[in-house]
Each structure stands twice: as C-alpha cells, then as structure tokens.
1. Go over the candidates Val182, Val237 one by one and state the one that is closer than 28 Å to Asn389 by Cα and at pLDDT 95 or above.
2. Check the range 402-414 and report whether any residue there is modelled with pLDDT of 95 or more, assigned to a loop (DSSP other than H, G, I, E, B) and either touching a His at 6+ places or on another chain (Cβ under 7 Å) or within 16 Å of Val309 (Cα to Cα) (or both).
3. It is to be established whether one or more residues within the range 334-345 are in contact (Cβ under 8 Å) with a residue 24 or more places away in the chain, touching a Ser or Thr at 6+ places or on another chain (Cβ under 6 Å) and at negative phi.
4. Residue by residue through the range 296-316, note down the ones that are in a strand (DSSP E or B) and more than 14 Å from the ligand (Cβ to nearest atom).
5. Identify, by number, the condition in (1) assigned to a loop (DSSP other than H, G, I, E, B); (2) touching a strand residue (DSSP E or B) at 6+ places or on another chain (Cβ under 6 Å) that Glu418 doesn't meet.
6. Any residue in the range 129-154 that is on the phi > 0 side of the Ramachandran plot sitting within a Cβ distance under 9 Å of a residue that is at pLDDT 95 or above and among the acidic types (Asp, Glu)? List the pairs, counting only those 6 or more apart or interchain.
7. Which is modelled with pLDDT of 95 or more and over 28 Å from Leu268 (Cβ atoms), of Leu350, Leu372?
Amino acid sequence: MVFFRWKSENDQAIVAGRARSQRRLGARFRRRLNVAATIAAATAVAGVLTLSSSAQWLLWVSPWQSKSSLGLRPGALRQGSERCESVRAAFPTSLSPKQAKELGIETPMPFGDGGADLECPRPKVYTHGPCRSPVASKFIVPAGHLRSAAPGSPETLEVAAQALEVLRQYGFVVLENVLDPVEVQELEKHAARFLSSMPDGFVSQPLRANRSQLHLPFEEPWTSDWMMKSELVLEIVASYVCNNLAAGRNEEDQQWNWVQWVTAGGDLDWFRNSERGPVPGDLLNSPPQGCSDVGSAGEIGPWLGRAMVTQTPAGSPPQKRHRDIILPGPAAQLTIQVGLTPLLANNGPLGYFPRSHLMHTPGYEVVANPPLGSLVLYDSFTEHRGLENHHDYTRYAMYYEFETRGIFSGYTDEHFGEQAGAHTLAFRQHVDPLLRRRVHEILEERGDAYPR
Ligand SMILES: O=C(O)CCC(=O)C(=O)O
C-alpha cells in the first residue's frame with residue numbers, strides 16, 4: 001500500500017516561513033507554494049483520499065524521493081532499525097511482531113493489520129442476490145448474449161459502449177454473465193491448488209485485512225483467450241484508459257496536474273489533451289522501482305500490467321475503503337475482477353463508492369455480488385474495499401489490470417518472487433499485440449495525437 005506523501009503541515013509551515021523572509025521568490029518556489037496550498041484546499045473539498053494501493057506497503061515511500069532525503073531506500077526497513085521503530089511509532093500496528101513473523105512478514109506494515117475497517121458500517125446496496133436493489137441496476141450491463149456473438153459483432157461494440165458509459169460515470173461496471181460459469185468454476189480449483197502449493201520462485205504477499213495475493217503463472221487456464229483476450233474487455237480498456245500523466249513526470253508534477261484536473265471540473269477527457277502526454281527524459285525511459293514500465297517511451301495508452309489471484313479466508317474482516325492507485329488520478333489503471341468463488345453478500349465481495357473516481361463522495365456503497373461468469377471492471381482510482389467473509393470457506397478472485405506507463409503501482413518485478421517477473425512479461429506479450437492494435441485504431445479515430 002502506498003504511503004503517499006502529500007505536503008505535510010510541517011512542510012507547508014517551512015515553506016510559508018521561507019516565503020515571509022524571502023520577498024523575491026523564484027517562479028519555481030512560488031509554484032510549489034501554490035501546489036501545497038491548492039492541494040490542501042482541493043483535498044479538504046474533495047474529502048480525504050484513502051492512501052493505499054494493493055502491493056505498496058513494501059514501498060511505502062514515494063519512488064521519487066531521493067535516498068538522502070529519506071535516509072533509506074524503499075523496501076529497506078530492517079526489523080529493529082531506528083527507521084523501523086519510527087515507522088512503528090507513526091503507524092501503530094495491531095499485529096504483534098510474533099503474529100507478523102508467523103505470517104512471514106519481515107517488514108512492519110504501515111497499515112497494521114492491513115487496513116481492517118471495524119468502524120460503523122455504511123449504507124449498502126447490492127447488485128444481485130436476495131438483497132438486490134433496483135437502485136443498483138444502473139451499474140450492471142447484461143452481456144450473456146455476447147457469449148455466442150461472432151468476433152467483431154455490432155452487439156459487442158454496443159455493449160462496450162454501454163459499459164464505457166457506466167464506467168466513466170460511476171468508476172466501475174458489472175458485466176453480467178459475460179463468461180461461461182462452468183469454465184470459471186474450474187478456475188477456482190486451479191486457484192486453490194496454486195495458492196496452496198506455490199511453485200518455487202513464487203511468493204504470495206499479504207494484502208490488507210487478512211487477504212493475500214499472488215501472481216498467476218503464464219499457463220492454461222489463466223491464459224485462455226476467452227478471458228485474457230476478451231474482445232469486450234479489450235475494447236473497453238482501449239477506450240477508457242487515457243491518463244498518461246505519469247509517463248515521465250515526477251511526483252510533484254503529477255500532483256500539480258491532478259490539482260488542475262480537480263479544479264478544472266474533474267472531466268475524464270481532460271487527460272486526452274496532448275499537453276498531458278508523456279514527457280521525454282529519464283523517468284519516461286526508465287521508470288523507477290515500483291513505477292510501471294509497461295509499453296515503450298514512444299507510445300501512449302494502456303498495456304497489460306499483471307494477472308493475479310487473491311484469497312479472502314473465512315472470517316476475514318472488511319477492509320477500509322481505499323484506492324489502488326493515487327497518482328496520476330483516474331483513467332490510468334483499469335482493474336478487471338473475475339470472481340472465482342460465487343460472490344455472495346457476505347463472503348468477501350467488493351464494495352464500490354460510485355463516482356469517487358471523479359472525487360465525489362457518495363453516502364453509500366455498492367456491493368457487486370453478480371453471478372459466476374460476470375466481471376467487474378473498476379478504475380483503480382475508484383474507492384472500494386473487500387467486505388467481510390462471514391462464511392467458513394476461502395473466497396478466491398482473479399484480477400488483471402491495464403495501465404499506462406510510469407504509474408506508481410508499487411509492484412516490482414520481484415514482488416511475487418523471483419520467477420514472477422518472467423510470467424508478467426509472458427502475459428503482456430500474449431495480450432498486448434491485440435490490445436495495442438485497438439488502442440491505435442481508437443487514437444486515430446479520435447484524432448488524438450500520439451508519438452509514433
Ligand atoms: O478482496 C479482494 O479480492 C481484493 C481486495 C482489494 O480490493 C484490495 O486489497 O485492493
């Protein structure tokens with residue numbers, strides 16, 4: 001999970017003090033001051049960002065911070081070190097060192113037990129099941145009829161357009177019945193086997209609130225075309241993911257752009273402007289540790305990030321709501337959830353906060369518990385959380401995500417073990433050619449500028 005470093009009050013006080021004593025501020029310094037002040041204002045208006053991301057507790061500092069300013073490298077928190085103790089003090093943990101050791105956790109987790117939310121429940125509406133609410137129907141796009149549709153059929157494009165509309169408006173969409181439930185049921189068995197007898201070179205990682213996560217191996221059935229190359233999914237990804245602000249920009253520049261996006265009204269098309277495209281330089285050519293190196297420096301739009309499986313054991317508590325990525329804001333990473341265990345109201349489905357990707361704060365959450373064979377697509381900037389699993393079995397879900405170059409996802413090549421990086425690459429080579437063809441077609445249709 002990311003510990004994202006907005007300007008602290010201290011930083012702002014220092015900046016303000018200097019501002020008083022230096023009558024003639026340089027243009028750059030003044031801009032920084034504006035950034036801090038505007039961020040404070042925008043954050044107050046927009047509500048508190050939940051600062052977290054799937055894998056980022058290992059990399060709890062920004063990759064753009066210099067070693068000297070922090071006194072350590074990301075991920076270098078050693079048990080017992082001074083730095084480690086100060087982290088412990090700053091992030092009191094409910095996990096004892098003994099428990100952490102038993103879980104195989106060598107570094108302290110800034111989010112303690114991984115972000116369990118034991119506070120007051122929020123109103124929920126459910127998409128399916130006995131508690132299904134008519135209010136939730138606007139988040140669902142029926143797609144069962146596409147299973148028999150020919151490739152390139154107009155129906156596929158029609159459903160993609162509907163789904164895109166929902167996604168843009170609310171930050172997530174349920175594609176109901178798009179996959180064959182029998183095939184998906186098989187995946188659950190594979191997931192359970194893979195997680196319980198992990199091959200050498202793979203390591204599962206704890207995820208907030210008692211979950212764990214592992215990269216999937218590049219092999220059948222995970223590579224199946226009906227899932228990884230779904231025409232419907234790739235069409236939506238190619239059209240939706242358009243935020244290239246992380247490509248070649250440092251943290252401060254991304255913050256500044258994010259603030260401008262919020263203050264300009266929070267329109268997703270704002271990101272399509274060519275001024276917000278990649279910035280040439282070292283950060284673009286070689287994204288730092290934890291930042292995505294998908295694709296190449298000369299192109300924009302989405303590529304496949306990685307494919308993973310998550311398990312939510314029996315009795316797991318609900319998570320705190322969070323965003324999987326913070327910068328550079330929405331439309332930079334799109335996550336596809338494939339429920340492998342049939343999702344029920346109380347076996348650990350995900351709850352989503354509609355329109356939170358546009359910085360709106362709704363008073364309720366939408367629990368997506370669609371039938372097996374359905375997908376949920378969500379902007380990783382949308383607030384969401386895993387809910388409690390009250391059942392006596394583990395709930396499995398597969399996730400794969402598409403992203404633009406440079407975003408800080410927190411994943412490194414070795415995050416899931418020394419072998420995992422090779423599997424990530426193989427997945428990308430499998431899916432990207434098809435996706436990129438569609439990305440280029442769409443960019444050309446729209447007349448959006450992109451470097452060739
Ligand atoms: O419970 C899960 O499957 C995933 C939870 C989640 O959204 C997260 O930890 O980012």
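The values are calculated or read from the model by the stated rules, or taken from the named source; none is laboratory data. As the structure is a prediction and not an experimental result, all values here were calculated from the model. Note: ideal-geometry Cβ built from the backbone for every residue, glycine included; neighbour counts use all protein chains shown.
1. Working: Val237 fails: closer than 28 Å to Asn389 by Cα.
After applying the criteria, what remains is Val182.
2. No; the residues of the range 402-414 include none that is modelled with pLDDT of 95 or more, assigned to a loop (DSSP other than H, G, I, E, B) and either touching a His at 6+ places or on another chain (Cβ under 7 Å) or within 16 Å of Val309 (Cα to Cα) (or both).
3. First pass over the range 334-345, keeping only residues in contact (Cβ under 8 Å) with a residue 24 or more places away in the chain: 334-345.
After this cut, where a residue has to be touching a Ser or Thr at 6+ places or on another chain (Cβ under 6 Å) as well, the list is 335.
Then drop every residue that is not at negative phi, which leaves 335.
The answer is yes, given that some residue of the range 334-345 is in contact (Cβ under 8 Å) with a residue 24 or more places away in the chain, touching a Ser or Thr at 6+ places or on another chain (Cβ under 6 Å) and at negative phi.
4. Just the residues of the range 296-316 that are in a strand (DSSP E or B), to begin with: 303-312.
Selection gives Trp303, Leu304.
5. Here Glu418 meets the rest and fails (2).
6. Hits for this filter: Gly152/Glu231.
7. On the way: Leu350 fails: over 28 Å from Leu268 (Cβ atoms).
Exactly one residue qualifies, and that residue is Leu372.
Here is a yes/no grid of residues against (1) touching a residue at least 12 places away in the same chain (Cβ under 8 Å); (2) closer than 24 Å to Ser230 by Cβ; (3) in contact with an Asp or Glu (Cβ under 9 Å, 6 or more places away or on another chain); (4) of a type in the set (D, E, K, R):
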residue: Asp324; (1), (2), (3), (4): yes, yes, yes, yes
residue: His384; (1), (2), (3), (4): yes, yes, yes, no
residue: His391; (1), (2), (3), (4): yes, no, no, no
residue: Thr412; (1), (2), (3), (4): yes, no, no, no
residue: Gly417; (1), (2), (3), (4): yes, no, yes, no
